[in-house]
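The values are calculated or read from the model by the stated rules, or taken from the named source; none is laboratory data. As the structure is a computational prediction, the values presented were derived from the model and not from experiment. When we count neighbours, we look across all protein chains shown, and the Cβ atoms used for this are built from the backbone with ideal geometry, even at glycine.
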Amino acid sequence: MQTPLELSFNGLDASPAVETRIRERVARLDRLFPGITSCHVAVDSHHRSEGGGRSKAVAYDVRIELRVPGTELAVSRKPGNRHAHTDIHVAVRDSFDAMERRLKAYADRLHREVKTHPEPLQGKVARLFRDQGYGFIATTDGREVYFHRNSVIDEGFFGLDVGSPVQLSVVDGESPQGTQATTVRPIRPRQLRQQPQ
């Protein structure tokens, strides 16, 4: 986490045991999602009437606010029925469990948004030196890439001609000829997305 935890106790004395448990749960959130920038936890106590106002019980409200890149996540566990969260440890547990669920959902949503696979590079054979076992591919992004016959899958090198459409993976700096195709897969002409310029 980029900034230290902000922790406040309102309407009750700070408890070292509760503070330790909160810090443990915040560390767990930080391991779950290392991009947390800040966390604020507020523990409030509420006195509630029990049965016609004769006795008062203490219930706890634990609010958690997390700032993560792009948004802020918040959880507030307010007492629902008269017995809810009368144990501060249960209130802390329930609030952090809810925040973990919310943080996991946010991380999953980010992962789905980011998990787009780039389309593989394609091109056409521009020059072919069949006797020497190599050639060059004019890629759809405007480069010319060297390839060796061993990079063509399924021993398909001898089935290639100038103009044959291919899909390829490249690496820079592996060859004296410059960028080199590490894998070349012949494809059907209709699979080629864009013609090289």
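Numbers at a glance
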item: Candidate set from segment 1-42 (those that are in a helix (DSSP H, G or I) and of a type in the set (A, V, I, L, M)); member that is modelled with the lowest pLDDT; result: L32
item: Which listed residue, of E100, E65, E72, is surrounded by fewer than 12 Cβ atoms within 10 Å (Cβ to Cβ), modelled with pLDDT of 90 or more and either under 33 Å from the mean Cα position of the chain (by Cα) or over 23 Å from P16 (Cα atoms) (or both); result: E72
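Table: residues versus (1) at pLDDT 90 or above; (2) out of contact with any Lys or Arg (no Cβ under 7 Å at 6 or more places or on another chain); (3) over 17 Å from L121 (Cβ atoms).
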position: T139; (1), (2), (3): yes, yes, no
position: S151; (1), (2), (3): yes, yes, no
position: F157; (1), (2), (3): yes, no, yes
position: L160; (1), (2), (3): yes, yes, no
position: Q167; (1), (2), (3): yes, no, no
position: I187; (1), (2), (3): yes, yes, no
